[in-house]
Amino acid sequence: MDKAELRRRIVAARAGLPDPRGSATAIRETLLDQPWVQMAGLVACYWSSGTEPATHGLILALWKHGTTIILPVLRSDDDLDWAVYDGPDSLAPGRRGLMEPVDTRRGVDAIRTAGLVIVPALAVDAATGVRLGRGGGSYDRALARVGPNVPTVALLHEGEIVDGVPAEPHDRPVSMAALPSGIVTF
Ligand SMILES: Nc1ncnc2c1ncn2[C@@H]1O[C@H](COP(=O)(O)OP(=O)(O)OP(=O)(O)O)[C@@H](O)[C@H]1O
Ligand SMILES: [Mg+2]
């Protein structure tokens, strides 16, 4: 199956989920229980939209805990700039209607300073951790800047770890996936 077909299938499956936001609570609680999440001083995350596993509660919990959170600002070239999340009033709609932080932009290299990187994905390959995104290549570019010892976690609904995710040379794997049933390490 090629990337486009796999994307269509997963997007359709997500649209059919009775409660797409329902994955969020279990994922949030699992992640907040991990020492490497609690101890990451700076976390790069994303403000979820639509049927993505929701990150809003996770971001709020980390922020209240004192973690610094950076969120992406989509650039016109589809690369990702980053800015600090500073509470519910620090976001405004950006390109494609996605909520983005209004704080000063820290540049595409800001992700290099993160101790934990949480990314969206439609699917992750069961054997390799290669992730399939929505097709902009934005997270491939961002993940290429992350050091090999920094945990990178894709958030998924149940069943989205699959065999045979097509991989091109530019595709970056994640080191883990977090699902409602728990964390999978690659
Ligand atoms: N480092 C890069 N520089 C420029 N373009 C890139 C880079 N990495 C990937 N791309 C381009 O992005 C496009 C989409 O890539 P791909 O299909 O892997 O997206 P994706 O992984 O699903 O999306 P995303 O990374 O945003 O989640 C491809 O045409 C690819 O050439
Ligand atoms: Mg890719």
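No lab work stands behind these numbers, since they all come straight from the coordinates. It should be emphasised that the depicted structure is a prediction, and the values quoted were computed from it without experimental measurement. Ideal geometry is used to build each Cβ from the backbone, glycine not excepted, and the neighbour counts take in all protein chains shown.
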For this session: Report whether or not SER138 is of a type outside the set (Val, Ile, Thr) and touching a strand residue (DSSP E or B) at 6+ places or on another chain (Cβ under 9 Å).
Result: yes
Exercise. If you go through the range 106-141 one residue at a time, how many are on the phi > 0 side of the Ramachandran plot and either of a type in the set (Val, Ile, Thr) or more than 11 Å from ligand 2 (Cβ to nearest atom) (or both)?
Worked result: 2
Exercise. Which of the residues spanning the range 141-186 are within 8 Å of ligand 1 (Cβ to nearest atom), under 15 Å from ALA44 (Cα atoms), free of Cβ contacts under 8 Å to residues at least 60 places away in the same chain and crowded, with 16+ Cβ neighbours inside 10 Å?
Worked result: LEU143
Seminar exercise, completed: Among (1) in contact with a Lys or Arg (Cβ under 7 Å, 6 or more places away or on another chain); (2) over 23 Å from SER49 (Cα atoms); (3) away from ligand 2 (no atom under 11 Å from the Cβ), ALA144 falls short only on (3)
For this session: For ARG145, indicate whether it is over 17 Å from VAL11 (Cα atoms) and touching a helix residue (DSSP H, G or I) at 6+ places or on another chain (Cβ under 6 Å).
Result: yes
Exercise. Any chance the range 105-115 includes a residue that's of a type in the set (D, E, K, R) and touching a residue at least 60 places away in the same chain (Cβ under 8 Å)?
Worked result: no
Exercise. Would you say SER90 is in contact with a Pro (Cβ under 6 Å, 6 or more places away or on another chain) and without any contact (Cβ under 8 Å) to a residue 24 or more places away in the chain?
Worked result: yes
Exercise. Just for the range 1-55: of the residues that are β-branched (Val, Ile, Thr) and in a helix (DSSP H, G or I), which one is surrounded by the most Cβ atoms within 10 Å (Cβ to Cβ)?
Worked result: ILE27
Exercise. Where residues in the range 122-136 are in a loop (DSSP other than H, G, I, E, B) and near ligand 1 (Cβ under 7 Å from one of its atoms), which of them is surrounded by the most Cβ atoms within 10 Å (Cβ to Cβ)?
Worked result: GLY133
Exercise. Among the listed residues THR55, THR30, THR51, which satisfies the condition of being away from ligand 1 (no atom under 16 Å from the Cβ) and among the hydroxyl-bearing types (Ser, Thr, Tyr)?
Worked result: THR30
Exercise. Does the range 5-40 hold any residues that are free of Cβ contacts under 8 Å to residues at least 40 places away in the same chain and within 15 Å of VAL162 (Cβ to Cβ), and which are they?
Worked result: GLU5, ARG8, ARG9, ALA12
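Conditions tested, residue by residue: (1) charged (D, E, K, R); (2) within 16 Å of ligand 2 (Cβ to nearest atom).
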{"position": "LYS3", "(1), (2)": "yes, yes"}
{"position": "VAL11", "(1), (2)": "no, yes"}
{"position": "ALA15", "(1), (2)": "no, no"}
{"position": "TRP36", "(1), (2)": "no, no"}
{"position": "THR51", "(1), (2)": "no, no"}
{"position": "GLY87", "(1), (2)": "no, no"}
{"position": "THR104", "(1), (2)": "no, no"}
